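The values are calculated or read from the model by the stated rules, or taken from the named source; none is laboratory data. Because the structure is a prediction, the values reported are computed rather than measured. Every residue, glycine as well, gets a Cβ built from its backbone with ideal geometry; the counts of neighbours run over all protein chains shown. Please note that ligands, DNA and RNA were not included when accessible areas were found on the heavy atoms of the full protein model with its side chains. Shrake-Rupley method; radii C 1.70, N 1.55, O 1.52, S 1.80 Å.
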Amino acid sequence: MKSSFWHRSLGLLPGDSWKKEWIAGAVSYFSVVYIVMVNANILHDAGMPLKAAMVGTLLTSVVGCLLMAFGGKSPIVVVPGMGINAFFTYTLVHSMKLSWQEALMVVAVTGVLFSVVSFTSLYRIVSEAIPHNLKHGITVGIGLFLTFIGLQKSQIVIAHQTTFVTIGHFSDPAVIVSCFTLLLALILFIRGVQGGLLISILLGTGLAYLLGAVKPVQLESGHTFRQYGELFGHLSAAGIGSLVFWIAVFLLLLIVVFENIGLIAAQTQMIGRPEHFKGSLRALSISNIFAGIFGSSPVVAAAETSAGIAAGGRTGLSALVSGLLFGATFFFIPLLSYIPDSAIAPVLIVIGGLMVQNVKEMEFSDLTEAFPAFLIMVMIPFTYSIVDGMAFGFIAYPVVKLAQGRGREVSPVLYGIAALFVANFVLHAFL
């Protein structure tokens, strides 16, 4: 009877192996646990306490994996998304001038709207309204943006008064550590070593301390969970009446909806159980509400789940195991705080390179499809803003289609999105 309960709750079928599911859950965990350090580091740039951001990241991951295990019945690991965390910090907080508390409210409201979308047929309407080239252009642009951030944080690229950027100083031990960690991460990833990014971070940290490349660590005073009290539930509704707030919600909703639709569809196909798509999408949408409450950037279906699927993961038991392992990671938070930027930043560069691979899915033979996507790809890193980069592409798309007399190819939804971006630029011009 007890076994039957777990089979129903986690989606286990008669042919599924419990042993394989446990192994797959562990493989997925070690493939993606680097996100705890990397995500917290990016959230820290938004003004959040570092160790508290680690707690928020872990709590969000634990709850997300549990919801996926019992709600989605899939082996999909749920963690804060790379690229979306950059949007949270460098666009919502730095560019749009929201406080991190207001940005967390944006995340929670987005999660509520995402839930509405996922529990209705709206997710199909939103997804189908955005051309494939623009979707892939956003992914590539965010990948280039992450790469640029990684190069800056590693000091491989530094500011220059005349040319804006230039190569860093290779006499600097931090740059040497960053280059070593980048090469090691790349080698381990290419060779398919499980947990290769985590291994590169740990070895890079060791080298940083050996070479004296670590500045004295200034950690926030107080117990970790006492600090977390300054983060948990600290959503601010101060900006909820402003246009900027709702533009932020709208753009974040677009990103999380079509990114996760693509990821979940691919992963449920990989396990041969496409019928779990709806449940998985709904579980992930609810997880995003908790992300705002717990103090994290939005969550996604981790691409690293494919490692667990390759190891035999097919059901929610795999996600449950990953969630339990994330829970055990709480004990290591004090140690994780000592990992320097020179060991973390190279991972951003590698992930950025992986995201740029989406360029091969794009159509370049039709200039009306290619050029708007090209604008998104280059303007995201060059403006240091995902919103502004997206705006250029979404405005250009209907313009070039109309110029060729092909305006009917543009959906009414996309015309509406372009109009909102234009209104945003006009509003900023007069503020």
**Complete:** Selection over the range 23-46 where residues are touching an Asp or Glu at 6+ places or on another chain (Cβ under 8 Å), of a type outside the set (V, I, T) and either within 17 Å of F330 (Cα to Cα) or not in a helix (DSSP H, G or I) (or both) yields a count of 1
**Message:** I'm trying to understand the selection: among the residues of the range 154-185, which are open to solvent by 80 Å² or more (accessible area, probe 1.4 Å) and closer than 30 Å to V27 by Cα?
**Reply:** F180, L183
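Across the range 47-89, which residue is nearest to L251 (Cα to Cα) among those that are part of a loop (DSSP other than H, G, I, E, B) and open to solvent by 10 Å² or more (accessible area, probe 1.4 Å)?
Initial filter on the range 47-89 (part of a loop (DSSP other than H, G, I, E, B)): 47-49, 73-77, 81-83.
Narrowing the set further to residues that are open to solvent by 10 Å² or more (accessible area, probe 1.4 Å) leaves 47, 49, 73, 82.
Values: G47: 22, P49: 26, K73: 29, M82: 16 Å.
The selected residue is M82.
Out of the residues in the range 360-372 that are out of contact with any His (no Cβ under 7 Å at 6 or more places or on another chain) and of a type outside the set (D, E), state the one that is surrounded by the most Cβ atoms within 10 Å (Cβ to Cβ).
P372
Would you check if F119 is out of contact with any Ser or Thr (no Cβ under 6 Å at 6 or more places or on another chain) and open to solvent by 10 Å² or more (accessible area, probe 1.4 Å)? Reasoning before the result, please.
On the way: out of contact with any Ser or Thr (no Cβ under 6 Å at 6 or more places or on another chain): yes; open to solvent by 10 Å² or more (accessible area, probe 1.4 Å): yes.
It is true that F119 is out of contact with any Ser or Thr (no Cβ under 6 Å at 6 or more places or on another chain) and open to solvent by 10 Å² or more (accessible area, probe 1.4 Å).
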**Complete:** Expected single match for within 19 Å of A46 (Cα to Cα) and touching a helix residue (DSSP H, G or I) at 6+ places or on another chain (Cβ under 6 Å) among V93, V117, V78 is V93
**Asked** Mind checking whether some residue in the range 372-391 is among the β-branched types (V, I, T) and without any contact (Cβ under 8 Å) to a residue 40 or more places away in the chain?
**Response** yes
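Listed here are the residues, each with its yes/no results for (1) modelled with pLDDT of 90 or more; (2) of a type in the set (D, E, K, R); (3) in contact with a strand residue (DSSP E or B) (Cβ under 9 Å, 6 or more places away or on another chain).
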{"position": "P372", "(1), (2), (3)": "yes, no, no"}
{"position": "Y384", "(1), (2), (3)": "no, no, no"}
{"position": "D388", "(1), (2), (3)": "no, yes, no"}
{"position": "G407", "(1), (2), (3)": "yes, no, no"}
{"position": "F421", "(1), (2), (3)": "no, no, no"}
{"position": "F430", "(1), (2), (3)": "no, no, no"}
**Message:** Based on this model, can you work out whether S297 counts as among the hydroxyl-bearing types (S, T, Y), within 16 Å of the chain's Cα centre (by Cα), closer than 27 Å to T205 by Cα and open to solvent by less than 20 Å² (accessible area, probe 1.4 Å)?
**Reply:** yes
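Find the residue count for the range 263-276, including only residues that are more than 18 Å from K135 (Cβ to Cβ) and either open to solvent by less than 20 Å² (accessible area, probe 1.4 Å) or in contact with a Ser or Thr (Cβ under 7 Å, 6 or more places away or on another chain) (or both).
Here is the first cut: in the range 263-276, the ones more than 18 Å from K135 (Cβ to Cβ) are 268, 270-276.
Still in the running and either open to solvent by less than 20 Å² (accessible area, probe 1.4 Å) or in contact with a Ser or Thr (Cβ under 7 Å, 6 or more places away or on another chain) (or both): 268, 270-271, 274, 276.
Residues in the range 263-276 being more than 18 Å from K135 (Cβ to Cβ) and either open to solvent by less than 20 Å² (accessible area, probe 1.4 Å) or in contact with a Ser or Thr (Cβ under 7 Å, 6 or more places away or on another chain) (or both): 5 in total.
Yes/no per residue for (1) over 22 Å from H44 (Cβ atoms); (2) among the hydrophobic types (A, V, I, L, M, F, W, C); (3) open to solvent by 40 Å² or more (accessible area, probe 1.4 Å):
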site: F332; (1), (2), (3): no, yes, yes
site: Y338; (1), (2), (3): no, no, yes
site: I344; (1), (2), (3): no, yes, no
site: G352; (1), (2), (3): no, no, no
site: F392; (1), (2), (3): yes, yes, yes
site: L402; (1), (2), (3): yes, yes, yes
site: R408; (1), (2), (3): yes, no, yes
site: A419; (1), (2), (3): yes, yes, yes
site: A423; (1), (2), (3): yes, yes, yes
**Asked** Which condition number does K215 fail, the rest of (1) of a type in the set (K, R); (2) in contact with an Asp or Glu (Cβ under 6 Å, 6 or more places away or on another chain); (3) at pLDDT below 85 being met?
**Response** (2)
